[in-house]
Amino acid sequence: MRPRSLAEGYSGDTLRQVVRSPTGVLTVPGGERVVADRPNTQRAVGREPDEEQRERDIRIVPRTLERDAELVVVKAALDAVSGRSTTGAVIPSARRGGLLAFTGPAGAGKTTLLEEARRRAAERDCTGLVAKGGEQEQSLAFHVVRQLLQPLLASYSESERREVLGDWYGIVGPCVGLSPAAERAVPDPQGVRDGLDWVVTHVAVRRGPLVLVVDDAHWADAESLAWLTSFAARVEDLPVLVVVAYRPEELPDEARAFSDMVERNRVRPLDLAPLTPAAVADLMRETLGTGIDDDFCREAWLVTGGNPFETVELAAKVRDRYLTPSKENACALRDLAAETKGGGLVDRLEQLGTIAVRLAWAVAVLGSEATFSLAASLAALGPAEAADAADVLRAERILTYSIKPEFVHPLIATAVYRAIPPAVRVALHGKAAWDLVEAGESPAVAARHLLETQPEGDPWVAEQLREAAQEYVRRGAPDAARRCLGRALREPPPATLRAAVLHELGSPALLHDPAVTVNHLRAALQEPVLPSALRQSIVIRLGRALSHCDRLAEAAEVAMEEVRIATDSQVRLRMLMEHFMLSAFTSEDREAPVLSRRLSQLTQRLSGDSQTERYLYGLRAWDAMVRGEPVATALEFAERALGSGGMSWTDEQWGFEVPSLVALTFLYCDRPDRAEELYAGAIAEYEQQGWRGVHLSLGYSLLGYIRFWKGQLTDAEDFVRAGLQLGDRLGPAGTHAQWYAMASLIEILMARGETAAAQKLAVERRFGKPFPSAVTLPDAETVHGELLLARGMDKEAAEELTAVGSRLDLRGMRNPAWCPWLPHLALATRTTDAGRALDLAREALRRAERFGTATAVGKTLCALARLTDGPEGIALLQRAVSTLELAPSSYELAAPLVELGAALRRAGLLSQAAEPLHRGVDLAGQCGAGGVAARARDELVAAGLRPRRLEVVRHEPLSGAPLV
């Protein structure tokens, strides 16, 4: 349904009533206006001003009066980023970027300072990128980013653009409006921000020093401001200077990170003070001549408060009204100043006539999208009428003389917009959306107008908002997409589309508040008519949303309920797969042994022809591993899960969980090289799709954990710290990833002999109870118990590890290879109950031997040896060393070698002790296990043997630590 136009919705008489001033104005049919006591208003509205009039009416930007201190800072920053001064002299110090922020109320001269900074940057051959926030464009995602980058990138040829954007072409291109978003896995917001970082950095290196200028940053859209906040915080090492201006009192609550970043900056925000009486007098004299009365200038300062914009406008009005600048006329200044903003400006606009008012309203509503043709259409004006109205508005210094219709100052735009009667404003936004779509603009551009309209049950509105949401999702702007879908839901959409809108609101890409997402998806399931494919997708998304709420048992039950009611065998199988997968990630399901049996029986009947069946194989592989079934069984199903084509890590319909479990199955089955290959592929896929949030954080943390299993402790720590840093920058959304990283990092630090550092990390990060109910790898509670044990807190460690054992044994998860709580518990109880400790260690060995990997058997043999004295203990250590010679980790071999050497030394077998001690110290040095190496050297000294020079070998990371 076509939205009604302004002319259709409101008669000319009604509009005339709206814009007529209570007294003193007469609007005549010929388009002329006559204002009592103002002879200069008696001219035709549409007449073209002569050159003299045009020169008077163009708003001249004032020089930067009383801004010397700010200009000194600007000069220093430009000298630093360009490496040379305005004279061309080379400055010997290295180039350094930075951030400058100018603050102050509206009209304080911020824009003038930014323009001066741009001029001076151009003198130094810096490339300038310019953008401006808009009050009406704050809901338009990446609006400011587009202004900054699109003009420059659009000037390149297609091949140059692809070179500049590199691998980020498919992610950054749609964001800045240079290419349509492809049908692919959608990037996450962090991925888009990282891509923008890369592109701007590349442009700075390619084009020389870069100066980014953002005016009215308080009105920047949230997506652009989030990027600007993260990027500006680290530009000092780049040839980039960021210059922003904003009104602190108008920063939205969600811009707290931006204001905090600016306050922490090396150069604090420069707040622009009002002009002094002397500066105001200078401005007045520049405009009106030198023969101005001092009292007149003083009054000008009083009525403007020293505001530069208001002072310039006041001087122009005095000039235009031919008011003599004398002491006697000073009393007229207050009324003249009032015409510059707020109600006074509105009154002045109303006196210009209906046509001018309608055009001004249209420009205010359209904002940055305004063209004269669109504004004329929106105002229901013909071309001639619109041209006449534009001339009047220009003559009154309301619009500029630019090609596009723009207000002279944001103060004017705000006053005009807020003066539009609410009902008229809503109608104008609806018509603007229609006109923009008809003009070929994207639904996202029209959507910001539709968000301002009232729900009317219009299918066209609902569909446009849905399309806008899809566009925003593909650009990596989920918050904007969520706003559009929420508004579409309130329209409301037709009954046939309601479930689809609710389903889209439940997209993982839009996950913000999991509880709200759950409600949307449950509502979608209640819709009376649901196509089978849509219902299946809703259930899958609901299960994952519940898992984000830490309601894994409920999530598994949702999938199971669908299994019960499904009539299609393939749907039932898929829902079973989802049920088994969700159950795999909860560590408190008492039905786990039953589920394991069902999964085992089911997979025996499958052929592996479909993706669902291969994912079930992957779950069976993981289940076999955690239950401690023979390693060959787990490996067989893991290989069958991968098939010939492997698994995708970024397919939203299938998730990354099962591929992760398959890779980790290989790890715990002593195949870390295979696990590393899979996780390296995962990270590459995440990077390619722009998934640089939780997924990439988990990827780096688990890749580090794999390196730990290979005995490369130094590299392992680097990767896990990178994963933790990636998780940290996500805030609360990264909590789950942080648990993975913290558990891995604490275990690595203990292996390196840095127990104090591990404890410090645990305290600082509050790594302790309550632990997540979802499975973490490594198991967080077990790692915490191991830390207590390393600190000599045996009793506390025993209590915690006993709780772990009760939880996991209940589920039938008995493999010490993936969760070694049992051998650790044995060591924790050795001083209080030696007999029980031996029983626990022997049970751990029995379980490890059933599983059958060298790592699992060798480590449990070491634990048993520590509880056994004399020759029997030495024999166990020798057996452990022989077993671990076959394991993939040099660290796991180094520790028992040193223990064997120490035991032989204590037994007086010094000649036999030398070889394992020397091997142990060498291996410990190579893998970065400083604690083991130190103990080995101490044992060598105690044995009267000379330690060999320690050779430390650092393993090169697979692709380098990530830039975060």
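Only the coordinates and a few stated rules stand behind these numbers; no lab work does. Predicted, not measured: the structure shown is a model, and the values here were computed from it. So basically every Cβ, Gly included, is an ideal-geometry build from the backbone, and we count neighbours across all protein chains shown.
Computed quantities for the displayed model
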item	result
Filter on Lys110/Lys404; Lys795/Lys859; Lys341/Lys431; Lys110/Lys431; Lys132/Lys431; Lys132/Lys317 - keep pairs with C-alpha separation over 31 Å	Lys110/Lys431
Computed log₁₀ I(q)/I(0) - Debye formula, equal Cα scatterers, no solvent, region 367-448, q 0.16, 0.21 Å⁻¹	-0.65, -1.13
Aspartates and glutamates whose Cα lies under 13 Å from that of Lys327, excluding same-chain neighbours fewer than 8 positions away	Asp293, Asp294, Asp295, Glu299
Relative contact order of region 276-339, defined on C-alpha pairs under 8 angstrom at six or more residues apart (%)	39 percent
Overall Cα dimensions of region 106-175, principal axis frame, Å, largest first	42, 35, 15
Kirkwood hydrodynamic radius (C-alpha pairs) into Stokes-Einstein, the chain, 20 °C and 1.002 mPa s, D in µm²/s	66 µm²/s
Amide H contacts of Gly128 (H built 1.01 Å from N, under 5 Å, at least 5 apart or other chain)	Val211
Cα-Cα pairs of region 535-684 separated by more than 17 Å (percent)	60 percent
Debye intensity ratio I(q)/I(0), log10, region 240-296, q values 0.17 Å⁻¹ (C-alpha model)	-0.70
Percent breakdown of C-alpha pair distances by 10 Å bin, ordered from the shortest bin, for region 68-271	9, 36, 37, 16, 2, 0
Region 68-271 - charge dipole about Cα centre, Lys and Arg +1 at Cβ, Asp and Glu -1, debye rounded to 20	760 debye
Fewest-first sequence of Asp550, Asp194 by Cβ atoms within 10 Å of each Cβ	Asp550, Asp194
Span from the region 259-288 Cα centroid across to the region 774-820 one, whole angstrom	62 Å
Relative exposure of Cys297, Cys484, Cys549, Cys669, judged by other C-beta atoms within 10 Å (fewest first)	Cys549, Cys297, Cys669, Cys484
Contour excess over end-to-end distance, with Cα ends at Ser532 and Asp293 and 0.36 nm allotted per residue	77.7 nm
MRE, 222 nm, helices only [DSSP H, n ≥ 4, -39500 (n - 2.57), over the chain, to nearest 500]	-19500 deg cm²/dmol
10 Å binning of all Cα-Cα separations within region 203-275, expressed as whole percents from 0 upward	17, 52, 26, 5, 0
Projected-area mean, region 793-850, by convex hull of Cα positions, square nanometres	3.6 nm²
Relative exposure of Ile706, Ile683, judged by other C-beta atoms within 10 Å (fewest first)	Ile683, Ile706
Share antiparallel - DSSP beta bridges, the chain, percent rounded to 5	30 percent
Kirkwood-based shape ratio for region 459-545, expressed as Rg/Rh from alpha carbons	0.94
Loop sites in region 564-660: trypsin sites (Lys or Arg not before Pro), DSSP, at most 15 other Cβ within 10 Å	Arg590, Arg605
Cα-only Debye scattering, region 276-339: base-10 log of I(q)/I(0) at q = 0.16 Å⁻¹	-0.37
